[in-house]
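Visitor: Here it is: the structure, laid out below.
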Amino acid sequence: MPGSIKTEAVVLRSIRYGEADRILHLYTAARGRLSAIAKGSRRPRSRFGGRLEPFFRLDMVLYEGRSELLTVTGADTVAAHPRLRSSGAALGAAARASDAVLRLLDSSEPNPAAYNLLCRYLALLEGEGEGVPEGSEIDGAAGLATALAFRLKLALAAGFAPELASCARCGEGEGLSGFSGAAGGVVCGACQREGFDLSEGAHAFMTAALGQPLADAPAAPAQALRQAERAVGETLEHHAHVQLRAAA
């Protein structure tokens, strides 16, 4: 039935439409993925101001009628993330994270884990660079390790996390030397008919990244991070039929 929806939401994408409108792709706390039109939002005196840009976290009122597009009738800022927008690295990381959410989560059902994860990542990117010593091994919130930790947790929230505890084919818990996207996780030497070699460092990173808070994403050598990125990417390609952009 037609009516209004009140929900928190993150703007994933904002597209100019017509002479003065915007089409918004949103990830919401109450309804998952939604698309909405903000009529007249590009006019100079629009009551929405500039708050319908990507990465804004908003309290929104949306009108749901017969169209697939909802209509934005109210929007108040929860977090604008101004420092994020002043950092090229953080801005790029936020764009890739939003793109991953768009590609992987297309349901209009609420997914609190995914919504909260996205909000936490944007909040981390907002503080990017603060408190990170020069020359530190920590890559910062906008670095590859944190980006991959985000992707692993997003895959878990979407129901596509790779199997890391035992061989995804036979269940063996020892000798896990490879990774198979088709099998959906690590594989032992006997089952490694396809896939690629996975280093102990990459395996340890993925396990720790899933088990630790996003803010505590573990450090790892560049080669291990690239293997982890390949593992996540191939898992999602085979099982979610989604191909993500490079993480960095």
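Visitor: Taking amide H atoms as placed 1.01 Å from N in the peptide plane, list the residues 5 or more away in sequence, or in a different chain, whose amide H sits under 5 Å from that of residue 78.
Guide: 57, 58, 59
Visitor: At 222 nm, what helix-only mean residue ellipticity would the chain give, in deg cm²/dmol to the nearest 500, using -39500 (n - 2.57) for each DSSP H run of four or more?
Guide: Taking each H run of at least 4 residues, the total per residue is -10000 deg cm²/dmol.
Visitor: Can you run phi through the Karplus equation (6.51, -1.76, 1.60; θ = phi - 60°) for region 15-24 and list ³J(HN,Hα) in whole Hz, with x for Gly and Pro?
Guide: Result, rounded to whole Hz: 10, 5, 9, x, 7, 8, 9, 9, 9, 10.
Visitor: While we're here: Beta carbons within 10 angstrom, averaged per residue: use that to sort the peptides 67-76, 184-193, highest first.
Guide: 184-193, 67-76
Visitor: Measure out, as a whole number of angstrom, how far apart the alpha-carbon centroids of region 66-82 and region 134-199 sit.
Guide: 36
Visitor: While we're looking at this one, here's another question. If you average over every viewing direction, what projected area does the convex hull of the Cα atoms of region 40-182 give, in nm²?
Guide: Average of the hull's projected areas for region 40-182 equals 12.6 nm².
Visitor: May I ask you to list, by number, the DSSP H helices of the chain whose Cα span along the axis is at least 20 Å and whose average Kyte-Doolittle hydropathy reaches 1.0 or more?
Guide: The answer, listed by residue number, is 144-158.
Visitor: Which residues' amide hydrogens lie under 5 Å from the amide hydrogen of residue 17, considering only partners 5 or more residues apart or on another chain, with H built in the peptide plane?
Guide: 22, 23
Visitor: Pick from 23, 37, 15: which residue has the top mean-square fluctuation in a GNM of the chain where Cα pairs under 10 Å get a spring?
Guide: The residue that fluctuates most here is 15.
Visitor: Test of understanding: express the Cα radius of gyration of the chain as a ratio to 2.2 N^0.38 Å, with N the residue count.
Guide: 1.11
Visitor: Separate question: Taking the square root of 5 times each eigenvalue of the Cα gyration tensor, what semi-axes in Å does the equivalent ellipsoid of region 3-79 have, largest first?
Guide: Equivalent ellipsoid semi-axes, largest first: 17, 14, 11 Å.
Visitor: Can you list residues from other chains, or at least 5 along the same chain, whose modelled amide H is less than 5 Å from the amide H of residue 70?
Guide: The answer is 35, 36, 37.
Visitor: Kirkwood Rh over Cα pairs of region 104-248 into Stokes-Einstein at 10 °C, 1.306 mPa s: D in µm²/s?
Guide: In µm²/s, the coefficient is 101.
Visitor: Compute the signed sum of charges (Lys and Arg +1, Asp and Glu -1) over the other residues within less than 9 Å, Cβ to Cβ, of residue 181.
Guide: -2
We did not get these values from a lab; they are worked out from the coordinates using the rules stated. For clarity, every value in this text was computed on a predicted model and none was experimentally measured. FYI the Cβ positions are ideal-geometry reconstructions off the backbone, even for glycines, and counts take in every protein chain you see.
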